[in-house]
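Below you'll find the structure, written out as C-alpha cells, and then a few comments.
The values are calculated or read from the model by the stated rules, or taken from the named source; none is laboratory data. No experiment lies behind these values; they were computed from the predicted model shown. All Cβ positions, glycine included, derive from the backbone under ideal geometry; neighbour counts span all protein chains shown. The protein model used for the area step is the full one, side chains on, heavy atoms only, and it has no ligands, DNA or RNA in it. Shrake-Rupley method; radii C 1.70, N 1.55, O 1.52, S 1.80 Å.
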Amino acid sequence: MATSVAAETTSYAFDDRNIRWYKLGDFEHFVFAMLDVDVSRKLVDFILKFPPNQQIFLHRHLALTNTLVVQGEHRLYEPKGALKEVRPVGSYTSSPPGDPHREGAGNEGGVVFYSVRGKDGALFEVLDDDLNVVGTLSMEDFVGAFKEQKNA
C-alpha cells in the first residue's frame, strides 16, 4: 500500500524574539547572531536578519557557504546592484567560493542561516565598488564575535 504526504500550505512566521541581534562593526542593512564556531573543524554558523529592500556591502565568499532561508526571501545582487537571484523561504543552497555580490531581502525583510565550512584565515573579502579588496572577515573575526556575544 502506497502512502503519500500532502504538502502543507500553512505559512509560519519565524519568531526571533529570543535572538539577541548585533551589528557587525559599521556595516549597514543587517544584524547578526553567532550560533557556533568550531575552529578545529573549520565551521562557522551564524544567522543574519535583513531589513526590507536593502543591500549589504559588496563582498566575495572565500569558503563553501551553505544557507537556509528561514523567513522572507534572500536576494543576491550583481556588484552594480542589479538583482541576480531570489531565494524563497525554505531554500537551501550550498555555494562554493564565488563571484562578488551583495545580499539582502525583499519587501518583508528576511532571515538567513549561514554555515561557512572548511577554511582557515579569510572567509569573506569586503570589496569597494571597483572590486578592490578593502578588508576581510576571518575565522578569527568570527571567533571574536562569538566570544563577545556569549559574554554579552
Original post:
With the chain treated as a Gaussian network of Cα nodes joined by springs under 10 Å, which of Ala82, Ala105, Ala122 yields the largest mean-square fluctuation?
Top reply: Ala82
**OP:** Starting from the Cα of Lys23, step 7 Å along the direction of its Cβ; do the same at Asp38; then give the gap between the two resulting points in nm.
**Re:** 3.3 nm
Original post:
Tell me, what % of the accessible area of the chain is carbon and sulfur with a 1.4 angstrom probe?
Top reply: 50 percent
**OP:** Report, to the nearest 10°, how far helix 139-151 tilts away from the longest principal axis of the Cα atoms in the chain, using its own Cα long axis and a range of 0 to 90°.
**Re:** 70 degrees
**OP:** Largest first and to the nearest Å, give the Cα extent of the chain along each principal axis.
**Re:** 57, 37, 32
Subject >> Exposed chymotrypsin sites (Phe, Trp or Tyr not before Pro) absent - longest run of the chain, DSSP non-H/G/I/E/B, at most 15 other C-beta within 10 Å >> reply: 28-152
